[in-house]
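Below: one structure, written as structure tokens.
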Amino acid sequence: MKAIVAIALAVAFCLPAHADEKQPSPQEVAAIQKAMKAIGELQYKSGEISLAGGKVKLTLPPEFQYLDPSNARKVMVDIYGNPPQSTGGDGMIVPKGMKFFGGGGWIAELRWKDDGYVKDDEFAKLKFDDMLKELKESYHQGSEERVKGGYGKMELAAWAQQPHYDRTTHKLYYAKFFDTDGAEQQLNYDIRILGRQGVLELSIMSFASQMSDIEAKAPTILGMVDFTDGNRYTDYKPGKDKVAAYGIAGLIAGGVLAKAGFFKVIFLFAAKFFKVILVGLAALGAGIAKLFGRKKSA
């Protein structure tokens with residue numbers, strides 16, 4: 001039975017088979033089985049979705065689907081092997097028919113921050129090279145914690161796209177490349193949508209080779225998200241509405257809060273990498289190759 005499952009996995013994901021690779025460990029096999037079970041259990045939603053207590057509305061075209069927080073957590077923890085403290089935020093947008101493994105895919109995590117109105121007047125004064133240095137230091141601390149916990153490194157490498165802010169739509173864009181234990185850098189493409197009472201964080205996760213594809217898809221993904229009437233940034237009432245304790249720099253440099261002891265929470269959500277499962281799948285492919293080799297020579 002295990003051989004049949006392994007063969008089905010290899011065929012489904014078109015795995016390369018190298019006879020010199022080691023057999024998967026029992027832990028890797030268990031992780032793969034857990035991931036496959038979770039994929040089969042995911043429950044998707046489509047159409048119109050209400051978020052943030054009605055402040056945000058998603059309108060999904062037929063080619064996209066939504067995973068609520070509990071299902072999104074299954075993706076982060078059970079499928080992609082992140083620490084159990086990770087959550088699904090306020091859900092995820094995924095392409096319809098998402099395979100989760102095999103390359104070329106992406107997920108967009110949504111997270112509502114009910115922190116109040118974020119002032120955007122400081123953006124022009126920000127020094128992004130200095131900010132990158134501080135972020136690298138903070139992510140390094142988080143990466144060390146990940147390694148201690150057995151989850152592999154997650155080191156910030158560079159801006160994939162330096163932050164820029166659209167003052168007309170009140171959307172902040174930036175992207176980061178991360179070095180992990182895998183062969184390819186990981187991409188986190190972040191968009192922050194400012195509202196009257198908080199910020200909707202939209203983080204698109206994929207690999208570095210997908211950067212141009214993600215950039216092309218970003219307007220379509222953003223087009224699905226909007227604040228409802230009375231909750232947009234321009235609806236802010238000075239003197240009446242809550243103002244966030246941080247400015248727009250805090251949306252970019254949240255990781256720097258590590259120095260205030262906050263990073264142990266932050267790094268869990270920054271840890272979107274797929275090494276554990278992918279390594280296991282590759283090893284299974286090697287095991288299948290050996291199995292077929294024995295049958296051929298028999």
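The values are calculated or read from the model by the stated rules, or taken from the named source; none is laboratory data. Please read these numbers as outputs of a predicted model, since none were measured by experiment. Note that we place each Cβ from the backbone using ideal geometry, even for glycine, and neighbour counts take in every protein chain shown.
Residues that are in a strand (DSSP E or B) and either touching a Lys or Arg at 6+ places or on another chain (Cβ under 7 Å) or of a type in the set (A, V, I, L, M) (or both) were ranked within the range 144-170; the one that is surrounded by the fewest Cβ atoms within 10 Å (Cβ to Cβ) is ALA158. Annotation note: Cβ proximity below 7 Å between a residue of the range 210-230 that is in contact (Cβ under 8 Å) with a residue 40 or more places away in the chain and in the same structural domain as GLY195 (by TED's automatic domain parsing) and a residue that is assigned to a loop (DSSP other than H, G, I, E, B) and crowded, with 17+ Cβ neighbours inside 10 Å (sequence gap 6+ or interchain) occurs for GLN210/TRP106; ILE214/TRP106; MET224/LEU60; PHE227/LYS55; THR228/LYS55.
Considering only the range 26-54, state which residues are of a type in the set (A, V, I, L, M, F, W, C) and free of Cβ contacts under 8 Å to residues at least 12 places away in the same chain. Of everything in the range 26-54, just one residue is of a type in the set (A, V, I, L, M, F, W, C) and free of Cβ contacts under 8 Å to residues at least 12 places away in the same chain, namely ALA30.
Look through the range 122-143, keep the residues that are outside any helix (DSSP H, G or I) and in contact with a helix residue (DSSP H, G or I) (Cβ under 8 Å, 6 or more places away or on another chain), and return whichever of them is farthest from SER206 (Cα to Cα). Applying the filter and picking the extreme gives GLU122.
Which one of these is surrounded by fewer than 15 Cβ atoms within 10 Å (Cβ to Cβ) and over 30 Å from LEU42 (Cβ atoms): ASP120, ASP130? Walk me through it before giving the result.
Numbers: ASP120 fails: surrounded by fewer than 15 Cβ atoms within 10 Å (Cβ to Cβ).
Answer to the check: ASP130.
Against the conditions (1) more than 14 Å from the chain's Cα centre (by Cα); (2) among the aromatic types (Phe, Trp, Tyr); (3) at pLDDT 90 or above, TYR151 satisfies every one except (3).
Can you pull out the residues in the range 90-117 that are within 23 Å of the chain's Cα centre (by Cα) and under 21 Å from ALA245 (Cα atoms)?
ARG111, TRP112, LYS113, ASP114, ASP115
Against the condition farther than 19 Å from VAL56 by Cβ, out of contact with any helix residue (DSSP H, G or I) (no Cβ under 8 Å at 6 or more places or on another chain) and small (Gly, Ala, Ser), how does ALA183 come out, does it pass? Before the answer, list the steps.
On the way: farther than 19 Å from VAL56 by Cβ: yes; out of contact with any helix residue (DSSP H, G or I) (no Cβ under 8 Å at 6 or more places or on another chain): yes; small (Gly, Ala, Ser): yes.
Here the answer is yes, as ALA183 does meet what is asked.
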